[in-house]
Structure formats: structure tokens, C-alpha cells
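*Asks:* What follows is a single structure, and I will ask about it in a moment.
The values are calculated or read from the model by the stated rules, or taken from the named source; none is laboratory data. These numbers were taken from a predicted model, which means no experiment stands behind them. Here the Cβ positions follow ideal geometry from the backbone for every residue, glycine too, while neighbour counts run over all protein chains shown. The area values use the complete protein model at the heavy-atom level, side chains included, leaving out ligands, DNA and RNA. Shrake-Rupley method; radii C 1.70, N 1.55, O 1.52, S 1.80 Å.
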Amino acid sequence: MTADLYEPPVRELLRVGAGRPVDLSAIDPRSTPGLPALSVTGPDRKSWARAEVRRIGDELAEQQEMLHAQAVAGDAAGRRMLLVLQAMDCGGKGGAVKRVAGAMNPLGLQIRAFGPPTEEELGHHFLWRIRRALPGAGQVGVFDRSHYEDVLVVRVESLVPEETWRARYDEINEFEAGLADEGFVLIKVFLHISYGEQRERLLSRLTDPTKHWKYHPGDVDARTKWPDYQAAYTEALSRCATDAAPWFVVPADRKWYRDWALAHLLREHFADLELSYPPARFDLRKEHARLLAGDGLKVNGG
Ligand code: AMP
Ligand code: MG
């Protein structure tokens, strides 16, 4: 790491559950936990945060490369990272992927978005499609929606009987604990926007022709069930926040704070891995000599 981590760490400020009740209504979506006191305000504060996200993005890219390099060198721990992003519509999952995950090398990233299950997926256990989408060792995976939809939209829309979705909290905990044992660093993030902010973002999708493709009439139907979704999120976050797979709530009405917080969460989790580049697995001196010995050869007139 090139700079010190914040104290207290951003992740401690954003972590929910783990013995404490989750109360989303007590978390202001416009708040900015952990943001240092700045001498700048207004638009300058936003550009400061944007610049910091770019700077941290460079660090994340280097960390990701080291993670990959360790896997190539045969890291027995099978370490990899999985960022799970959940949000209401317009919550900013797409923007977060673009600005934060986008800083990393696409070769080491595995980004997967989950929509309504296909006919084939519906024929399997709800975790089937999730298992198939998991990042390989050395990779950073990003889930834009996830298995949590199976206790969120599925619950609110009564897509399966209650006893089926109720049993899923334990199944999810068991599944995620297994992943942690296999070397996964799990970071689960709920991007928390307000009802009012969603209205503004939906309106802008209607008025701006370049955003029409993002608008789905069904989003307004889901919006009418806002309290049901908040209740479903509250229970999912409460029941599935574990030490192996913690949940974080990122206030997301301000996009620049959302990206800033997410960049810090990733950075702090990478720091735990204490990554470094693996040493050469060959005789450096010998390889130098072999390479230079070829200098006498005339190739392409060189
Ligand atoms: P978006 O992320 O806005 O592109 O929308 C994806 C849609 O897929 C959302 O409306 C989700 O509720 C829906 N979705 C994702 N997973 C499931 C699932 N397991 N069952 C039903 N709907 C789902
Ligand atoms: Mg949507």
C-alpha cells in the first residue's frame, strides 16, 4: 500500500449487523461516513473525492495484479475477491462498476450481472447459477445483483412459498462460509439510496434520450413496494452479515461518496491480504546469461 489507511477504517463505519440490529431508516443516504474533514466544500469536495477515487484506483489495479501474480505462482490458498453489489433500481451499481472496478485490469476481473433467472436456471437450485459465475483463483469478481435477489425480489413478489425463501438465509450463510474457506474475500455492499433520489434518477432516465435504454416500466412497480423491499433488505442484511461475509451499507445518494467509500472498502480488504509480487521461480543469473548469449545472432539485420 502506498498510503496509510484511514483510522477508523471506512469498513468499520459502514459495516452492519454482526450482533447489532440493522436499521436502514437510521442511515442517511446523503451522509458521508469516514470522509475526512476537508478545507474544500461544494463542487470542490466532489472533485477532491473523484480525484481520490482515481488515485486509489491505481492502487487497486496494482493489488489486483499482485493477486493474479500470486495465483499464477501457485498460491495454495486460492485467494480471490468477490464484491457483491445490491441496490434498489437506480442505486448506482452500474456507476460503481464503471468507476471503481473499471480501474482494474479487465483480464483479472470477472463481472457478472444477474437478471430474472432463465428457464434453465429456474430448473436448478437458486445457487446453481451463482456457483457457475464465481471468480477463479487470483481474480476479482463483481456481482451486479446476486443470490440475495432470491430473498429480496423473490420474497416481495412471492415468487416462491415463504418457507422456501425463509430457508435460504441459512443456505446462503453456509454457502458463503464455504467460499471463505476456499479463499474468497467476500465484500457485500448495499448501495443505499433514498426514495426521493430514486425518483430524480428515474425522471432523468425519462427525460434524457441517452438514458431511455436504462428505464424499465417495471421499476416503477417495484418502487410502489419500497417499504417491502426495505424490510426484505433489512432482514437479509441482519441474517446474513457474518464475519466470513460481512455486509456494508454505503450511503449512495451522492455518487462521488459512493465511489469513494467503495474504493476504500476494496483497498482495506486488499490490505488484509498483504500482497506482494511473487519471487522468480527460475535462476535469474542463469536466465540473464542465456538471454545475453543470444546477442551474437544476426536477426532481421539487427
Ligand atoms: P437490473 O439490475 O436493473 O438490470 O434488473 C435486473 C432485474 O432482474 C431486477 O428487476 C431483479 O429484481 C431481477 N432479478 C434478479 N435476480 C432475480 C431472481 N433470482 N428472481 C427474480 N428476479 C430477479
Ligand atoms: Mg434496473
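*Asks:* Please report Rg (one decimal) and Dmax (integer) in Å for the Cα set of the chain.
*Replies:* Spelled out, the Cα radius of gyration and Dmax of the chain are 22.0, 76 Å.
*Asks:* Ok, one more. How much length is gained on full extension from Arg132 to Glu12, taking 0.36 nm per residue of separation minus their Cα-Cα distance?
*Replies:* The span from Arg132 to Glu12 would gain 40.1 nm if fully extended.
*Asks:* Cα extents of the stretch 91-199 along the three principal axes, largest first, in whole Å?
*Replies:* Its Cα atoms span 42, 41, 26 Å along the three principal axes.
*Asks:* What do you get for Rg/Rh of the stretch 39-168 when both radii come from the Cα atoms and Rh is the Kirkwood radius?
*Replies:* Using only Cα positions, Rg/Rh for the stretch 39-168 is 1.07.
*Asks:* Accessible area of the chain with a 1.4 Å probe: how many percent of it is carbon plus sulfur?
*Replies:* The C+S portion of the solvent-accessible surface of the chain is 53 percent.
*Asks:* According to a simple spin-label model (label point 7 Å from Cα along Cα-to-Cβ), what is the distance in nm between Leu291 and Ala271?
*Replies:* Distance between the two pseudo-spin positions: 3.5 nm.
*Asks:* Quick one, what does Rg over Rh come out to for the stretch 168-302 if you take C-alpha atoms and the Kirkwood Rh?
*Replies:* Taking Rg over the Kirkwood Rh, I get 1.26.
*Asks:* OK, next. Which length gain, in nm to one decimal place, applies between Leu122 and Lys214 when the Cα-Cα distance is subtracted from 0.36 nm times their residue separation?
*Replies:* Difference between extended and current length: 30.6 nm.
*Asks:* Please give the FRET efficiency for Leu107 paired with Ala244, using the beta carbon to beta carbon distance and R0 = 22 Å, rounded to the nearest 0.05.
*Replies:* 0.20
*Asks:* Where does each of Thr210, Thr32 land when they are ordered by accessible area, with a 1.4 Å probe and the largest first?
*Replies:* Thr210, Thr32
*Asks:* Something else now. Using the Karplus curve 6.51 cos²θ - 1.76 cosθ + 1.60 with θ = phi - 60°, what ³J(HN,Hα) values do you get for each residue of the stretch 128-139, in whole Hz, with x for Gly and Pro?
*Replies:* Coupling constants for the stretch 128-139: 4, 5, 6, 4, 5, 9, 5, x, x, 4, x, 9 Hz.
*Asks:* With each label point set 7 Å from Cα along the Cα-Cβ vector, what nm distance links Ser31 and Lys46?
*Replies:* 2.3
*Asks:* Could you check the spin-label model distance between Leu206 and Gln230? Points 7 Å from the Cα along Cα→Cβ, value in nm.
*Replies:* The answer from the label model is 2.2 nm.
*Asks:* Taking trypsin sites (Lys or Arg not before Pro) as candidate sites, keep only those in a DSSP loop with at most 12 other Cβ atoms within 10 Å, then name the longest stretch of the chain containing none of them.
*Replies:* Value returned for the longest uninterrupted segment is 1-280.
*Asks:* Here's another thing I want to ask about it. Quick check for me: using +1 on Lys/Arg Cβ and -1 on Asp/Glu Cβ, what's the dipole size of the chain about its Cα centre, in debye to the nearest 20?
*Replies:* Approximately 1000 debye in magnitude.
*Asks:* Under the Karplus relation 6.51 cos²θ - 1.76 cosθ + 1.60, θ = phi - 60°, what is the ordered set of whole-Hz ³J(HN,Hα) values for the stretch 43-55, x standing for Gly and Pro?
*Replies:* x, 5, 5, 5, 6, 4, 5, 4, 5, 5, 4, 5, 5
*Asks:* Mind listing which GluC sites (Glu not before Pro) in the stretch 223-278 are in a DSSP loop and have 16 or fewer other Cβ atoms within 10 Å?
*Replies:* Glu274
*Asks:* Quick check: Cα centre of the stretch 153-230 to Cα centre of the stretch 262-279, how many Å?
*Replies:* That distance is 28 Å.
*Asks:* Could you work out the Rg to Rh ratio of the stretch 35-85, with Rh taken as the Kirkwood radius (inverse of the mean 1/r over all Cα pairs)?
*Replies:* Checking Rg against Rh, the ratio lands at 1.21.
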